Amino acid sequence: MPSHYESRRDRAARKTQNIRNMFTNNDTEAVQALIDDASMGGMGDDMNADGYADTADADNDNDDDDANNGGDDGGGDDGSGGTNGVENDGGEEPQGGLGSDVWSDFNRQFLNQVKEKIDQSMQLVGRGNNAFYRGSFPQKYRNIVSPSSDPLGFWPQEAHPLSMEHFSVPDFLVWIPEMLFPKYYQNNRPKCKWHNTTDCINLKGYVTTPRHCYGAKRTLALIGKWYLCKIRQQDGSRPHYFRSYDANVIANCHECVKIQWQKHGFYLSKRAGISVSLLEALRSGLNQGLGVSGFRNILLERCKKNYFLIRRQHQAHVNDIKSHCYFITPEQIEERKVEFFEFDSKDFDQTVPSCCYLIARVISLMESDAKYKTLRMQMIDGKHLSGDHSFKLVKCVTLNGTKAYTAMYCIMNEFGQVVGWWFTTGTGMKEIQAQVKKVKERYFQLGFDGPETVSTDRCCNERSFWTRLLGLRESKEQIPNVDDSLYEEMEILDLPHEPKLATTTQATDILVGEISLFLNSLPREQKVIGVDCEWELGRAKADLLIVSLMDDRVYLFHLALIGPRRTTLPMSLKTLLEDRTVRKAGNRIHCDISKLKNWTCEMGPTVELGHLARARCLTPNKAPGLSLIISTLYPGVEMEGKDSAGPRISRWGNTLNEQQILYAAIDGYATIIGYKGLKAIMDPKVEGKLAASEVKVGLSITIYSSGWKSRVAEVKISDEKVEDRKVIVELDLRANEKIFAPGSIIGVIDEEMLTTTRQSINSLLADLPNDESQVIVKFLWPLWFCRRI
């Protein structure tokens, strides 16, 4: 019976001896109870999380009951330091992650067993600064360990047959640098995060509950140790504990250790953590134009796919139990055939970060190098600047629920680079006067020439402002006037959005995820994408795949660079092209289907634009060029680069230049607007049939030539009489936009319904008077070739 005045040293030694006796006598029940007690944080004030006496601190009688107290929150609000989910001042040990109940009982016991096996392999010998680790770190637990990827190989034979809990164990990372990389830690402990030395450090064992972190496919557990700073404890400063994975601790590590953390580590926040590689993928996705919600959907889909693979593994294992495990009773076999854990159940321990969490983490990541970006931006110059106010972005900037600014003024150079930008409360130039002076000082300090010119949409009002602040000289040279009438008929097809280009499999998956997210928001009948391919002459496979969406966005997939040695497309892209719920529209699409077949992709279902145009009587045949379709739908609009010497016959297998990207993007944009334009026009053979009983004066109709060869014009019915299956219609020759086939022949009639002349609409237009008076002609047209609008 221990004395009431038993010292802390003796009490620790007694409990240590009791634990050794349990293992020596194979008292499994007592050992299991001890493990459960340790996992719930009930080991006693002088025992660490593994059930061993805290020998490193046993000689310090001033510790009182602080062995389970304290705990630095691991960093600040910026998320870079990494906290353990508990805001405290050192009064109790932080529990890590989301609290002690974040893991299921089985997973918590498993993670505690991992700690025990590590301590059995590397035992701490000695005390204080003379302590050192004996043994080597288990190779099995280096880097990120994924038991669920191969449960049959991970678990020892004694654990077979495996239960559902064995298949649902999370991935984990053991981060104890002094044990993983002992040659970089001469004193077998990290440096203090406050004093940058090892002299004030005492080892305090494992953090009781591993941190809950987000991985690319599976939830991860971060196992680490915690340490006590004796100087801060003696001073009464709180917190005086820190962990092996705190940001300031890693910052003081050897460079090789930092690189290892960047490969396998996490960005830690107050209550969780996210994989470094996952967050960098999100950052790359944002640079490619992917939204956070789209990235989260991709992550969720990836986690669910991993879940279903684990579920299938478990089912296959259960089916083999009866044939391989004769010592299991039929009742136990049936018990193991219970339905596997649900994806979002606590037993499976799988969660996906919210969009808000991802945004907060990626902003912290971007802000970490904000100083570099600011300095780099301050080195941008330019000889020809342009400035303007923008009012769209400020709508997202609010202060206490109200709009804080009126506009954002941005200055760019001739290369499209941002020279400077500022939020403004108005549209006057006086508000940014001091900032523009700083831009001029930048030119002087960095030795740049210029600027020479500034362009703005309010040059008359701002001329003196820019001349005075930037020292510009007003040119006396007069620019000759240009006759705008020469260009009234010219219009070039212009892109509403910048195209997005993918040259890697990872970028392809991101862009396909964005496309799928948009398609999922549409009703089934509107799920259509435009598809076009480009390839070098003589090649059997497509080098570039162009995909356009109904909102006019264009995506380019450079297949020649994505898979130079592959025979198949990336799975995400192949799934999109073979999705039977999504129609693929294209012009002469049979050529694209043939080129994609050599990538082992059976694209379908497809819609041929040429067939749609012919069915609507817009083209003379079923295989018109895309430029003909566009010029027919949008008169006066031309497509650039369609000549034989243009990018069309260039080397699409090499890295794309700007001309090729523009050409491909215009092709994709023209495809989708061509489809939308054709669908907006009715098919006269199916829709809009006009019966004799429906003929009314003033009814607008579309007339077609005999044999449905062309769409002639939009006219109005002039008389309700229908004679010889013909109807009297009238055409306004001044309404050019309603005349589609001016070469058509019509028979003009007079008041007595007699045909006075038969001539083409073009000849009638040539004889129009010079005044703006309305000119109406009447003629007969077969009722069968009339359709309601």
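Some points to look at:
- The requirement of being within 28 Å of SER521 (Cα to Cα), part of a helix (DSSP H, G or I), in contact with a helix residue (DSSP H, G or I) (Cβ under 6 Å, 6 or more places away or on another chain) and open to solvent by 10 Å² or more (accessible area, probe 1.4 Å) is fulfilled nowhere in segment 585-599; no residue meets it.
- The listed residues are GLN233, GLN313, and the only one of them that is open to solvent by 60 Å² or more (accessible area, probe 1.4 Å) and farther than 28 Å from GLU367 by Cβ turns out to be GLN313.
- Filtered residues of segment 682-739 (kept if out of contact with any Lys or Arg (no Cβ under 9 Å at 6 or more places or on another chain), more than 25 Å from GLY610 (Cβ to Cβ) and of a type in the set (Ser, Thr, Tyr)): SER693
- Consider segment 456-502 and keep the residues that are of a type in the set (Asp, Glu) and at pLDDT 75 or above. The one that is farthest from TYR634 (Cα to Cα) is GLU462.
- Among the residues of segment 687-734, the one identified as over 24 Å from SER760 (Cα atoms), surrounded by 16 or more Cβ atoms within 10 Å (Cβ to Cβ) and either within 54 Å of the chain's Cα centre (by Cα) or without any contact (Cβ under 8 Å) to a residue 24 or more places away in the chain (or both) is LEU690.
- Of the listed requirements (1) open to solvent by 80 Å² or more (accessible area, probe 1.4 Å); (2) touching a residue at least 24 places away in the same chain (Cβ under 8 Å); (3) assigned to a loop (DSSP other than H, G, I, E, B); (4) not hydroxyl-bearing (Ser, Thr, Tyr), TRP784 misses just one: (3).
- For LEU768, the requirement of being touching a Leu at 6+ places or on another chain (Cβ under 8 Å), farther than 14 Å from PHE785 by Cα and part of a loop (DSSP other than H, G, I, E, B) is met.
- If the condition is being among the basic types (Lys, Arg) and either under 23 Å from VAL439 (Cα atoms) or free of Cβ contacts under 8 Å to residues at least 40 places away in the same chain (or both), then segment 358-394 contributes LYS371, LYS373, ARG376, LYS383, LYS392.
Residues checked against (1) open to solvent by 30 Å² or more (accessible area, probe 1.4 Å); (2) assigned to a helix (DSSP H, G or I); (3) in contact with a strand residue (DSSP E or B) (Cβ under 6 Å, 6 or more places away or on another chain); (4) of a type in the set (A, V, I, L, M):
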site: SER237; (1), (2), (3), (4): yes, no, no, no
site: ARG283; (1), (2), (3), (4): yes, yes, no, no
site: LEU286; (1), (2), (3), (4): yes, yes, no, yes
site: GLY294; (1), (2), (3), (4): no, yes, no, no
site: PHE308; (1), (2), (3), (4): yes, yes, no, no
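- Subset of segment 407-430 (residues that are assigned to a loop (DSSP other than H, G, I, E, B), over 14 Å from ARG458 (Cβ atoms) and in contact with a His (Cβ under 9 Å, 6 or more places away or on another chain)): ASN413, GLU414
- Failed item, numbered, when LEU472 is tested on (1) crowded, with 16+ Cβ neighbours inside 10 Å; (2) not in a loop (DSSP other than H, G, I, E, B): (2)
- Residues that are charged (D, E, K, R) and open to solvent by 10 Å² or more (accessible area, probe 1.4 Å), drawn from segment 206-221: LYS217
- Condition met for VAL125 (β-branched (Val, Ile, Thr), over 27 Å from PHE340 (Cβ atoms) and either modelled with pLDDT under 85 or in contact with a His (Cβ under 9 Å, 6 or more places away or on another chain) (or both)): yes
- Pick from segment 122-142, criterion closer than 17 Å to TRP175 by Cα and polar (S, T, N, Q), ranking: surrounded by the fewest Cβ atoms within 10 Å (Cβ to Cβ): GLN139
- Picking from residues in segment 751-766 that are at pLDDT 85 or above and over 60 Å from the mean Cα position of the chain (by Cα), the one that is surrounded by the fewest Cβ atoms within 10 Å (Cβ to Cβ) is ARG758.
The values are calculated or read from the model by the stated rules, or taken from the named source; none is laboratory data. Please read these numbers as outputs of a predicted model, since none were measured by experiment. Ideal geometry is used to build each Cβ from the backbone, glycine not excepted, and the neighbour counts take in all protein chains shown. In case anyone asks, the SASA skips ligands and DNA or RNA and just uses the protein heavy atoms, side chains included. Shrake-Rupley method; radii C 1.70, N 1.55, O 1.52, S 1.80 Å.
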